[in-house]
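The values are calculated or read from the model by the stated rules, or taken from the named source; none is laboratory data. For clarity, every value in this text was computed on a predicted model and none was experimentally measured. All accessible areas refer to the heavy atoms of the entire protein, side chains included, with ligands and DNA or RNA removed. Shrake-Rupley method; radii C 1.70, N 1.55, O 1.52, S 1.80 Å.
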Amino acid sequence: MANHKSSLKRIRQEKTRRLHNRYYGKTMRNAVRKLRATTDKDEAVAMFPSVTKMLDKLAKRNIIHKNKANNLKSKLAIHINKLA
């Protein structure tokens, strides 16, 4: 266990950040799953901008890698274009 005041504070901060990042990561994954499960094209097109915005924000804040965000956006766009 850490003994210095600064390292105890660092541990508290890391715990808070970890929980914050896990929450937003999970929210993002659920949004992507929901979009992939959608079979209605109009609904998927309506959801796409909000999911894209979420992915971009998470990539900007280093919760996910920017390439992962771009790959997910690309795959989702392909999915939407395949819908009838």
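By how many nm would the segment from VAL45 to ARG33 grow when fully extended, if each residue of separation counts as 0.36 nm and the alpha-carbon distance is taken off? Each step should come with its number before you reach the end.
Values: separation 12, 0.36 × 12 = 4.32 nm, distance 1.45 nm.
Here the answer is 2.9 nm.
Quick one: pull the percentage of alpha-carbon pairs in the chain with a separation above 14 Å.
So the portion of pairs separated by more than 14 Å is 67 percent.
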query = Mind checking the angle between helix 41-60 and the chain's longest principal axis? C-alpha axes, 0 to 90 degrees, to the nearest 10.
reply = 30
request  = Taking the chain as the reference, fit the longest principal axis to its C-alpha atoms, fit the long axis of helix 5-37 to the helix C-alpha atoms, and give the angle between the two in degrees, 0 to 90, nearest 10.
outcome  = 10
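At 1.4 Å probe size, with every protein chain present, just tell me what the per residue accessible area of the range 29-83 comes to in Å². Numbers along the way, then the final one.
Working: 3750 Å² over 55 residues.
Normalised by residue count, the accessible surface of the range 29-83 is 68 Å².
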task = Rounded to the nearest 500, what is the 222 nm mean residue ellipticity of the chain from helices alone, with -39500 (n - 2.57) per DSSP H run of 4+ residues and division by all residues?
result = -29500 deg cm²/dmol
remark   = With Cα coordinates, the longest principal axis of the chain makes an angle with the long axis of helix 66-82, in degrees rounded to 10, of 20
ask   = So how many Lys-Lys pairs in the chain land under 17 Å Cα to Cα, not counting same-chain pairs under 8 apart?
value = 27
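Report, to the nearest whole %, how much of the accessible area of the chain belongs to carbon and sulfur atoms, 1.4 Å probe, protein only.
53
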inquiry  = Contact order normalised by length for the range 29-83, with contacts defined as Cα pairs under 8 Å and 6 or more residues apart; what percent is it?
reply    = 42
